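In what follows, a structure is listed as structure tokens, so that the remarks can point back to it.
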Amino acid sequence: MKSATPMFSFLRRSSATSVMLITASLATVSAAPMDDVSQPPPTDPSAYYTAPADPLAEAAELDALKTMPEVNQGALALPDGAYGDRNTPRADNVLPPSLQTSFNFPTNGKPSPLFGAEPFTQQLLLFEEFGTEKLDPTIPTPPLTFPVPTIGPAPQQDPNIVARSGPPSAALDAFMRQPGLFPFPAQFSNVLDRNP
């Protein structure tokens, strides 16, 4: 009889737990929506409404679209509360629009010269990217993390805008001089450590 008592107490505890879990799962939980999917206000040009049946009124509404501001106006925010337009990114382009080609290479420029090399005939120079030392997976975490870009002198950095800069040369050299490779390469992607 004594051996049956623990069994009944276990069943009592597990059934109570089951009832609690079922009750909690049936309760309604009000969650806030992630995105606003409601209709825009009627004054918004993208608000849906039925097109007029009169062809002249429909043509007038289509003509009214031409007087509206550009679609992405205000999308390119600049420092000091200014906004750019479609020509703003072109100001820093190495090739002005008049010298760009219709080929969509990354810069819209001409392809790099081959200097007489034929396709698949140039010998490929192989680099040993990680040095000649064997990688050790047991190496401790190095003290320095990958340095972040900062404002500074050219050519590695921009004196005004961090987005156009790289890390300081001294900090990058100190980071690269650390022994080993961390985090050590794995079969799956590393989603835990900060991406430099």
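The values are calculated or read from the model by the stated rules, or taken from the named source; none is laboratory data. Predicted, not measured: the structure shown is a model, and the values here were computed from it. Positions of Cβ are backbone-derived with ideal geometry, glycine not excepted, and every protein chain shown enters the neighbour counts.
Data for the structure
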quantity	calculated
Unmet criterion (only one of (1) surrounded by 10 or more Cβ atoms within 10 Å (Cβ to Cβ); (2) at pLDDT 80 or above; (3) closer than 30 Å to P69 by Cβ) for G152	(3)
Filtered residue count, the stretch 45-80, keeping only those that are closer than 30 Å to I161 by Cβ, acidic (D, E) and outside any helix (DSSP H, G or I)	1
Scan of the stretch 148-196 for residues that are assigned to a helix (DSSP H, G or I), farther than 26 Å from K134 by Cβ and among the small types (G, A, S), ordered by number	A163, S169, A170, A171
Given (1) at pLDDT 85 or above; (2) within 25 Å of the chain's Cα centre (by Cα), index of the condition Q187 fails	(1)
Meets criteria (under 24 Å from N160 (Cα atoms) and either touching a Leu at 6+ places or on another chain (Cβ under 9 Å) or not in a helix (DSSP H, G or I) (or both)) for D85	yes
Inter-residue pairs, beta-carbon under 7 Å, first within 23 Å of Q73 (Cα to Cα) and small (G, A, S) and in the stretch 33-49, second surrounded by 10 or more Cβ atoms within 10 Å (Cβ to Cβ) and modelled with pLDDT of 80 or more, 6+ apart	S46/P40; A47/Q39; A47/P40
Enumeration of residues in the stretch 153-182 that are within 30 Å of L78 (Cα to Cα) and in contact with a Pro (Cβ under 6 Å, 6 or more places away or on another chain)	V162, S165, G166, P167, A171, L172
The one condition in (1) at pLDDT 75 or above; (2) closer than 30 Å to P79 by Cα; (3) basic (K, R) that R194 fails to fulfil	(1)
The listed residue being under 30 Å from T101 (Cα atoms) and free of Cβ contacts under 8 Å to residues at least 24 places away in the same chain, out of P167, P113	P113
